[in-house]
Structures are given as C-alpha cells and as structure tokens.
Amino acid sequence: MSVARISPSATELRTAVGDAVLVTAAGLRYSDDVAAFLRRLESTALPTVAVLSGRCDASALAVLASVTLGFVTDDVLVDVDAATVLAAGLTSSLPAALGGARARGLLFAGSVNAHALRAAGLARFGDPEAAVTRLADPSAALLVRSLRVAARSTPAQARDYDRELLS
C-alpha cells in the first residue's frame, strides 16, 4: 500500500508501489497540481481509495469520481462553483460515475456535505484502511482495468475485454 497526498504534485501517485493506493486530502482546492493529479489518478492501474476532509472546492468531486472507492469525513463540505466544475471536467465525469440525475443534484447544490456525498453514492461509510486491504487483492486491479475500459466501450466491447483479462 502507498499513501499519496494530493500536493505537491502527481509524482507520489506516479511512483506509488504496492497493490493499492490510499489518497488523502484535506481542504482540497483546484490548482495545476490537482489537475495533474487527477489525470494521473484516472490512468493509474492500481486500485485507489480516497479520503477527503475539510472545506473543499468541486475538485473534491472529481477525485471521488476518479477513485475506486471514496470516503469522506463528517466535516467535509464541498463548495460547488461553475469554474471549478468546468476546469475539472465534472460535466462528463460525474454523470458517468453517478448518472445524470444524481450528478445534477450535486452540481447545482451550491455546497455538498458528507451526508449528501454518501447518499449520492460518491462516498461511502466504512474504514478506508480496510478498503485498501481488500483492494490489494490482485483481482481488484483487474476489475479496476475492466471498469475503466467499460466506461469507454459498448457493452459488447466491455464483455470482450473482460474475457481477454481472464485469459
């Protein structure tokens, strides 16, 4: 297991070792470093778990939509503003992760607390460390790869890829 913090850059994530990565961020605010981190997070082959806390901007939604499993502390509050939503690409990634209705509910809320993030399915209850341990199973990495391909594929293409992974 590796722990990556969102600052100062995506370097920690790029050099992560182990079977799963735990990402922690408190008071996340969009920046060039966060943009680079999001690009790296979306392409890593390792299963990822994020724990977000404190007052964040909408880039927190992008992190939660990009990881394998997301967790938030009870004190998290996400301020949702159009500039950050657009910069983080949330108008496409959030509906892909949650469906259109849930995504719109978050994007037009103004601010979102831990309860709303969990109710929407973007974050979950539980122990992030235990989730990292579960995701360290090699089969979890296969599922992560399959989910990423399926998001960009037709159902038939996704099934073909799953068969290829099992070969």
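Using a probe of 1.4 angstrom and keeping all protein chains present, the accessible surface of segment 97-152 works out to 58 square angstrom per residue. Based on Cα contacts under 8 Å between residues 6+ apart, the chain shows a relative contact order of 21 percent. Derived scalar couplings between HN and Hα for segment 45-52 equal 7, 7, x, 10, 10, 10, 10, 10 Hz in order, rounded to whole Hz, by the Karplus curve 6.51 cos²θ - 1.76 cosθ + 1.60 (θ = phi - 60°), x for Gly and Pro.
Once you divide the Cα radius of gyration of the chain by 2.2 N^0.38 Å, the number left is 1.00. Could you tell me the ratio Rg/Rh of segment 90-167? Both radii from Cα atoms, Rh via Kirkwood. Looking at segment 90-167, the ratio lands at 1.06. Largest GNM mean-square fluctuation across ALA116, ALA50, ALA60, computed for the chain with C-alpha springs under 10 Å, falls on ALA116. Nonpolar atom fraction for the chain, defined as the carbon and sulfur part of the 1.4 Å probe accessible area, stands at 56 percent.
Checking every one of the chymotrypsin sites (Phe, Trp or Tyr not before Pro) in segment 64-167 against DSSP loop status and a limit of 13 other Cβ atoms within 10 Å picks out PHE108, PHE125. Structure remark: mean-square fluctuation, Gaussian network model of the chain, C-alpha springs under 10 Å; the largest value among VAL72, VAL21, VAL144 belongs to VAL144. Once you've got the GNM for the chain with C-alpha springs shorter than 10 Å, pick whichever of LEU147, LEU106, LEU117 has the biggest mean-square fluctuation. Greatest mean-square fluctuation among the candidates belongs to LEU147.
Loop-resident trypsin sites (Lys or Arg not before Pro) (DSSP state other than H, G, I, E or B) in segment 89-167 with no more than 15 further Cβ atoms inside 10 Å of their Cβ: ARG152.
The values are calculated or read from the model by the stated rules, or taken from the named source; none is laboratory data. Quantities reported herein were computed from a predicted structural model and do not represent experimental measurements. As a convention, Cβ positions derive from the backbone with ideal geometry for all residues, glycine included, and neighbour counts pool all protein chains shown. Please note that ligands, DNA and RNA were not included when accessible areas were found on the heavy atoms of the full protein model with its side chains. Shrake-Rupley method; radii C 1.70, N 1.55, O 1.52, S 1.80 Å.
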